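Below is one structure, written out as structure tokens, with a few remarks after it.
The values are calculated or read from the model by the stated rules, or taken from the named source; none is laboratory data. Since the structure is predicted, the reported quantities are computational estimates derived from the model, not experimental observations. Every residue, glycine among them, receives a Cβ derived from its backbone with ideal geometry; neighbour counts consider all protein chains shown.
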Amino acid sequence: MSELRPGDITDDMIQAMETAKRQGLQKDLRALAANIRADAEGRYDSADPGWRSGVEWALLWIENTASQLTEGRPGAGAGGRGQGVSPE
């Protein structure tokens, strides 16, 4: 096998790799939100109102983050910047 040289990796290859990473992270975040939602079902009735609003906020943040990963907006991503969602 031959070794890769710096010119062998094109900008298109890098872009495809970054897109695949964002899509994978998006899928993982959506699975996390589904798991949290499933675990929280049925607990709302007996839970403290602060717990319920905290779960709802966390789900909203996760879903917004997942959506922004493929929108291509600057500042979007899992780092929490550019989300526009505040816990208060």
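Some observations on this one:
- Residues that are part of a helix (DSSP H, G or I) and polar (S, T, N, Q), drawn from the range 1-36: 15, 19, 23, 26, 35
- Selection of first residues in the range 50-72 that are without any contact (Cβ under 8 Å) to a residue 60 or more places away in the chain and of second residues that are among the small types (Gly, Ala, Ser) and in a helix (DSSP H, G or I), restricted to Cβ pairs under 8 Å at least 6 apart or on distinct chains, gives the following pairs, ordered by first then second residue: 55/40; 59/33; 62/33; 63/33; 66/33.
The rows are residues; the columns are (1) under 24 Å from the mean Cα position of the chain (by Cα); (2) over 14 Å from residue 69 (Cα atoms).
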{"site": "9", "(1), (2)": "no, yes"}
{"site": "12", "(1), (2)": "yes, yes"}
{"site": "20", "(1), (2)": "yes, no"}
{"site": "25", "(1), (2)": "yes, no"}
{"site": "34", "(1), (2)": "yes, yes"}
{"site": "40", "(1), (2)": "yes, yes"}
{"site": "46", "(1), (2)": "no, yes"}
{"site": "51", "(1), (2)": "yes, yes"}
{"site": "54", "(1), (2)": "yes, yes"}
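- Taking the range 11-52 as the range and being within 20 Å of residue 63 (Cα to Cα) and of a type in the set (Lys, Arg) as the test, the residues that pass are 21, 22, 27, 30, 37, 52.
- Residue within the range 37-45 that is part of a helix (DSSP H, G or I) and either among the basic types (Lys, Arg) or in contact (Cβ under 8 Å) with a residue 12 or more places away in the chain (or both) present: yes
- Boolean, residue 52 is touching a Phe, Trp or Tyr at 6+ places or on another chain (Cβ under 8 Å) and not hydrophobic (A, V, I, L, M, F, W, C): yes
- Yes/no for residue 51 being surrounded by 13 or more Cβ atoms within 10 Å (Cβ to Cβ), aromatic (Phe, Trp, Tyr) and at pLDDT 90 or above: no
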